[in-house]
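Participant: Okay, here's the structure, questions in a sec.
The values are calculated or read from the model by the stated rules, or taken from the named source; none is laboratory data. Just so it is clear, the model here is predicted, and its values are computed rather than measured. So basically every Cβ, Gly included, is an ideal-geometry build from the backbone, and we count neighbours across all protein chains shown. Just the protein is used for accessible areas: all its heavy atoms, side chains included, with ligands, DNA and RNA removed. Shrake-Rupley method; radii C 1.70, N 1.55, O 1.52, S 1.80 Å.
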Amino acid sequence: MSGRRPFWWAGQALGAVLVGPQTCAAHDVVRTRHVALRLRRGIGSGRLKETWGRLVHISRWSRPCSCLLSMRKMLAAVSRVLAGAAQKPASRVLVASRNFANDATFEIKKCDLHRLEEGPPVTTVLTREDGLKYYRMMQTVRRMELKADQLYKQKIIRGFCHLCDGQEACCVGLEAGINPTDHLITAYRAHGFTFTRGLSVREILAELTGRRGGCAKGKGGSMHMYAKNFYGGNGIVGAQVPLGAGIALACKYNGKDEVCLTLYGDGAANQGQIFEAYNMAALWKLPCIFICENNRYGMGTSVERAAASTDYYKRGDFIPGLRVDGMDILCVREATRFAAAYCRSGKGPILMELQTYRYHGHSMSDPGVSYRTREEIQEVRSKSDPIMLLKDRMVNSNLASVEELKEIDVEVRKEIEDAAQFATADPEPPLEELGYHIYSSDPPFEVRGANQWIKFKSVS
């Protein structure tokens, strides 16, 4: 009779199966222990090929026995399963074999409420699949922004550039709480949202370097990136908020069960047009989530010096609001789900304040340490970093291992490096394409530039 038994190493199943007749129990035990010991030493030392060769040598030249004949068949079967293991580090074998939890329940910070009887839940469930996805996305945004910083200092990226490292829980958490068919518009700190809305790192970095492969064909740069149901990237402070209310109006007018996330910073929160948008949205009960990303500094001015009231979630007055821990991705996700459900129910707009922090200065021309101390930045990094918080939760709850997350880090770094090479090697758009994509027209027509005697073709 043939037996099928999982092969174990270091207390974990390797996924291999020993196949062959069991004619001698004594030899069966000896051979299994012998193979396990040899494999453990071989994999641990990185000499798997050498170890496997010795085992095969033993099975060939030892005194003939029905057990040894069975062992030869077993070695052939296991060798096929472990053929790729010699090319992978031992950590990959361990990660693949470890039994992780499928999900875990976490307590999250209670949101401060305005004109709401109930708020988002204070506990939430995180699945292993979602946790790994969130970790990879936040790590990608972080590394992408650091690479943009490097390219800017090398003068490969020019012009305005506003980085969002430190605020990764906002863009990833907001996306996790809505549907792909929902809409989002933000200000000029837009790289993270551009990525979470579905564009690749290659398209984003190529847009930053002004190349043809960029998401706006190299003509938009840092502040003007667009994707499906993502309306940028807007350079005028606060001007995107009335536009977001207009998108929400379109959702309601067309009878679609969709919402619009309209983002602005604490520095823009004092703009008059924002309060006008509040009024219109409340009057018409638009499905608009107004979101203030409060990173504590508007350019170089702290919120305490710029606003008589720093309770931004109460600024809507007649619009309900909630204040959210913007450094905790789970807190942001649950608050977004709550706000989206509120808007979809026909109750009108709602206001969210995300308390977050940016590690870089306001823009690349701002060193970021003239109006705050380095110690303050380091304290936030050590206590409230969004990637670190998610990593600790996942590891401590057996949703992932440190080795597995390190592998993701390596993969993300490679993706960023490949994207940076593309963004520096891709050609710039030629001059004759200057008039492209200004208008949607068929057939194209002539567009006059600053010099009235120079004309370009309009091509959609």
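Participant: Out of everything in the range 147-160 that is among the hydrophobic types (A, V, I, L, M, F, W, C) and outside any helix (DSSP H, G or I), what residue ends up being modelled with the lowest pLDDT? Step through it out loud before you land on a result.
Facilitator: In the first step, residues of the range 147-160 are kept if they are among the hydrophobic types (A, V, I, L, M, F, W, C); the result is 148, 151, 156-157, 160.
Adding the requirement that they be outside any helix (DSSP H, G or I) leaves 156-157, 160.
Values: I156: 97, I157: 98, F160: 94.
Checked the range 147-160; the qualifying residue modelled with the lowest pLDDT is F160.
Participant: When the range 96-146 is examined, which residues are found to be part of a helix (DSSP H, G or I) and among the aliphatic types (A, V, I, L, M)?
Facilitator: Of the residues in the range 96-146, the ones part of a helix (DSSP H, G or I) are 96-97, 128-146.
Within the range 96-146, A96, L132, M137, M138, V141, M144, L146 qualify.
Participant: Can you report the number of residues in the range 418-431 which are in contact (Cβ under 8 Å) with a residue 60 or more places away in the chain and either in contact with a Cys (Cβ under 8 Å, 6 or more places away or on another chain) or part of a helix (DSSP H, G or I) (or both)? Steps first, please.
Facilitator: Step one: of the range 418-431, the residues in contact (Cβ under 8 Å) with a residue 60 or more places away in the chain are 418-420, 422-424, 426-429.
Narrowing the set further to residues that are either in contact with a Cys (Cβ under 8 Å, 6 or more places away or on another chain) or part of a helix (DSSP H, G or I) (or both) leaves 418-420, 422-424.
The total comes to 6.
Participant: For the range 161-185: of the residues being outside any loop (DSSP other than H, G, I, E, B) and of a type outside the set (A, V, I, L, M, F, W, C), which is nearest to A206 (Cα to Cα)?
Facilitator: Step one: list which residues in the range 161-185 are outside any loop (DSSP other than H, G, I, E, B), which gives 168-176, 183-185.
From what's left, of a type outside the set (A, V, I, L, M, F, W, C): 168, 173, 175, 183.
Details: E168: 21, G173: 25, E175: 23, H183: 24 Å.
Looking at the filtered set, the residue picked out is E168.
Participant: Still on this structure, please answer the following. Of everything in the range 365-392 that's under 23 Å from V201 (Cα atoms) and in contact with a Ser or Thr (Cβ under 9 Å, 6 or more places away or on another chain), which residue is surrounded by the fewest Cβ atoms within 10 Å (Cβ to Cβ)?
Facilitator: By that ranking, first place goes to M388.
Participant: Quick check, is Y135 aromatic (F, W, Y) and either under 26 Å from R323 (Cα atoms) or crowded, with 21+ Cβ neighbours inside 10 Å (or both)?
Facilitator: Values: aromatic (F, W, Y): yes; either under 26 Å from R323 (Cα atoms) or crowded, with 21+ Cβ neighbours inside 10 Å (or both): yes.
For Y135, the condition - aromatic (F, W, Y) and either under 26 Å from R323 (Cα atoms) or crowded, with 21+ Cβ neighbours inside 10 Å (or both) - is met.
Participant: Right, here's the next one. Please report, ordered by residue number, the helices (runs of 4 or more DSSP H) entirely within the range 198-284 with at least 3 residues that are in contact (Cβ under 8 Å) with a residue 40 or more places away in the chain, closer than 14 Å to I185 by Cα and under 19 Å from the mean Cα position of the chain (by Cα).
Facilitator: Details: elements: 201-208, 240-253, 272-284.
Per the criteria, no element qualifies.
Participant: May I pose another question? From the set of residues in the range 303-349 that are of a type in the set (K, R) and surrounded by fewer than 21 Cβ atoms within 10 Å (Cβ to Cβ), which is nearest to K133 (Cα to Cα)?
Facilitator: Once the filter is applied, the top-ranked residue is R337.
Participant: Considering only the range 377-397, I want to know if a residue exists there that is without any contact (Cβ under 8 Å) to a residue 24 or more places away in the chain, over 23 Å from R142 (Cβ atoms) and outside any loop (DSSP other than H, G, I, E, B).
Facilitator: Checking the range 377-397: not a single residue is without any contact (Cβ under 8 Å) to a residue 24 or more places away in the chain, over 23 Å from R142 (Cβ atoms) and outside any loop (DSSP other than H, G, I, E, B).
Participant: Could you figure out which of (1) among the hydroxyl-bearing types (S, T, Y); (2) within 26 Å of T310 (Cα to Cα); (3) not in a loop (DSSP other than H, G, I, E, B) isn't true of Y357?
Facilitator: Y357 satisfies all of (1) among the hydroxyl-bearing types (S, T, Y); (2) within 26 Å of T310 (Cα to Cα); (3) not in a loop (DSSP other than H, G, I, E, B) except (3).
Participant: Residue under question is V395, and the condition is that it be of a type outside the set (F, W, Y) and either open to solvent by less than 50 Å² (accessible area, probe 1.4 Å) or farther than 26 Å from F100 by Cα (or both); does it hold?
Facilitator: Values: of a type outside the set (F, W, Y): yes; either open to solvent by less than 50 Å² (accessible area, probe 1.4 Å) or farther than 26 Å from F100 by Cα (or both): yes.
When the stated conditions are applied, V395 passes them.
Participant: Restricting the search to the range 414-435, which residues are under 17 Å from the mean Cα position of the chain (by Cα) and surrounded by 15 or more Cβ atoms within 10 Å (Cβ to Cβ)?
Facilitator: Selection gives E415, I416, A419.
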